[in-house]
């Protein structure tokens, strides 16, 4: 009897999936699909738990001894979908340059500014694979962002009332698409973490990974000693109804709607149980980065600090939003507040290095995975360049690259 019930339940779920997918593919209401996502896809994660970064056996309470003779610490900071014009360094900036980014700017002003820097791809995952390996992702079969086949089929056939353009979907290529769970950075690739670990570095990852969700692709199996990573490629910054957050939803973009419906807000430490971040994600990642630096200050370390800001979903803290009252457009104000918060957090990392006496022997690198995205609904993020994320126009692949 139980077996029959399980079979019937499975058939019911399958029927719902097919019905929703069929309706959606024919231009049906997005509300049906989003309802399905909220009911069957959204997950409730465990409460936040304290993350304890391991202290190496040769740890000392003082600063790194003989720092001039030791290999430098390396911190690689990667922003997510940061537009070329989002920072004020080159006379630009959001809202007519009224949202300063002094901490990001300082990396270029006090270090090296690579003024003709390009990402390895125009979208998140393959670009990050290029950063981690130093190779074009096409060389090892990772030139597209991992996405379930059925999800892309639905998105490709969606015809929404506020859609900016029609998607192009090549149905004849479906047969060549590998299963989603097998999409990831091949373990055979030599990552930056593997290379540095072989040179005696402690290797640490905090933030976005997006190089495969399956356990065999996660960062802690790609050369990182410890890793605090998001469960998926994107995350809410706070729960939608949190009293300390201001939201901006983009009704014209179905992927943005999907992110809100899925409500992903979870991280895992070294592949363990998924739990909720303690506070606004950008602030939380910096909290943990500072803890990781403190725990590993006695020996050379490589920290890959991958923020999700200012990628959608657009959510700002009330503090940052209220500080930009001169910006009238709500979406621009939320987005600008996220960039303001990101800059402040990078300043926290730099100050932490100074406070610990590590700044003179730490190389800090800053970049973005690609250009600003069209799906935030804002013009001018990549000025003076044409194009957006997911295009190979200059605006999609021209990125800041600073080293200090």
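The values are calculated or read from the model by the stated rules, or taken from the named source; none is laboratory data. Bear in mind that the values here come from a model prediction, so they are computed numbers and not experimental data. Heads up, the Cβs are rebuilt from the backbone with ideal geometry, glycines too, and the neighbour counts pull from every protein chain shown.
Please count how many residues of region 389-404 are assigned to a loop (DSSP other than H, G, I, E, B) and either touching a helix residue (DSSP H, G or I) at 6+ places or on another chain (Cβ under 6 Å) or at positive phi (or both).
Let us first name the residues in region 389-404 that are assigned to a loop (DSSP other than H, G, I, E, B), namely 389-393, 399-400, 404.
Going one step further and asking which of them are either touching a helix residue (DSSP H, G or I) at 6+ places or on another chain (Cβ under 6 Å) or at positive phi (or both), we end up with 389-390, 404.
Of the residues in region 389-404, 3 are assigned to a loop (DSSP other than H, G, I, E, B) and either touching a helix residue (DSSP H, G or I) at 6+ places or on another chain (Cβ under 6 Å) or at positive phi (or both).
With the condition kept exactly as written, say whether any residue in region 226-233 is touching a strand residue (DSSP E or B) at 6+ places or on another chain (Cβ under 9 Å), modelled with pLDDT under 95 and surrounded by fewer than 22 Cβ atoms within 10 Å (Cβ to Cβ).
So in region 226-233, the residues touching a strand residue (DSSP E or B) at 6+ places or on another chain (Cβ under 9 Å) come out as 226-231.
Next, only the ones that are modelled with pLDDT under 95 stay: 230-231.
Adding the requirement that they be surrounded by fewer than 22 Cβ atoms within 10 Å (Cβ to Cβ) leaves 231.
Within region 226-233, one or more residues are touching a strand residue (DSSP E or B) at 6+ places or on another chain (Cβ under 9 Å), modelled with pLDDT under 95 and surrounded by fewer than 22 Cβ atoms within 10 Å (Cβ to Cβ).
Determine whether residue 298 is under 25 Å from residue 42 (Cα atoms) and either out of contact with any strand residue (DSSP E or B) (no Cβ under 6 Å at 6 or more places or on another chain) or buried (at least 21 other Cβ atoms within 10 Å of the Cβ) (or both). Before the answer, list the steps.
Numbers: under 25 Å from residue 42 (Cα atoms): no; either out of contact with any strand residue (DSSP E or B) (no Cβ under 6 Å at 6 or more places or on another chain) or buried (at least 21 other Cβ atoms within 10 Å of the Cβ) (or both): yes.
When the stated conditions are applied, residue 298 does not pass them.
Scanning for something free of Cβ contacts under 8 Å to residues at least 60 places away in the same chain, under 20 Å from residue 190 (Cβ atoms) and not in a helix (DSSP H, G or I), does region 120-131 turn up at least one residue?
Step one: list which residues in region 120-131 are free of Cβ contacts under 8 Å to residues at least 60 places away in the same chain, which gives 120, 126, 130.
Right, trim to under 20 Å from residue 190 (Cβ atoms) and you get 120, 126, 130.
Among the residues that remain, those that are also not in a helix (DSSP H, G or I) are: 120.
Scanning region 120-131, I find at least one residue that is free of Cβ contacts under 8 Å to residues at least 60 places away in the same chain, under 20 Å from residue 190 (Cβ atoms) and not in a helix (DSSP H, G or I), so the answer is yes.
Could you tell me how many of the residues in region 310-335 are in a loop (DSSP other than H, G, I, E, B), touching a helix residue (DSSP H, G or I) at 6+ places or on another chain (Cβ under 7 Å) and crowded, with 23+ Cβ neighbours inside 10 Å?
3
Would you mind finding the one in 350, 342, 363 that is within 30 Å of residue 203 (Cα to Cα), in contact (Cβ under 8 Å) with a residue 60 or more places away in the chain, assigned to a strand (DSSP E or B) and touching a strand residue (DSSP E or B) at 6+ places or on another chain (Cβ under 9 Å)?
Selected residue: 363, the only one of 350, 342, 363 that is within 30 Å of residue 203 (Cα to Cα), in contact (Cβ under 8 Å) with a residue 60 or more places away in the chain, assigned to a strand (DSSP E or B) and touching a strand residue (DSSP E or B) at 6+ places or on another chain (Cβ under 9 Å).
Taking the condition modelled with pLDDT of 90 or more, within 19 Å of the chain's Cα centre (by Cα), over 27 Å from residue 388 (Cβ atoms) and surrounded by 14 or more Cβ atoms within 10 Å (Cβ to Cβ), does residue 210 pass? Walk me through how you get there before you give the answer.
Working: modelled with pLDDT of 90 or more: yes; within 19 Å of the chain's Cα centre (by Cα): yes; over 27 Å from residue 388 (Cβ atoms): no; surrounded by 14 or more Cβ atoms within 10 Å (Cβ to Cβ): yes.
No.
Can you report the number of residues in region 188-207 which are crowded, with 19+ Cβ neighbours inside 10 Å and either part of a loop (DSSP other than H, G, I, E, B) or in contact with a helix residue (DSSP H, G or I) (Cβ under 8 Å, 6 or more places away or on another chain) (or both)?
Summing the residues that are crowded, with 19+ Cβ neighbours inside 10 Å and either part of a loop (DSSP other than H, G, I, E, B) or in contact with a helix residue (DSSP H, G or I) (Cβ under 8 Å, 6 or more places away or on another chain) (or both) in region 188-207 gives 10.
Any residue at all in region 180-187 that's more than 19 Å from residue 144 (Cα to Cα) and assigned to a loop (DSSP other than H, G, I, E, B)?
Initial filter on region 180-187 (more than 19 Å from residue 144 (Cα to Cα)): none.
No, there is no match, as no residue in region 180-187 is more than 19 Å from residue 144 (Cα to Cα) and assigned to a loop (DSSP other than H, G, I, E, B).
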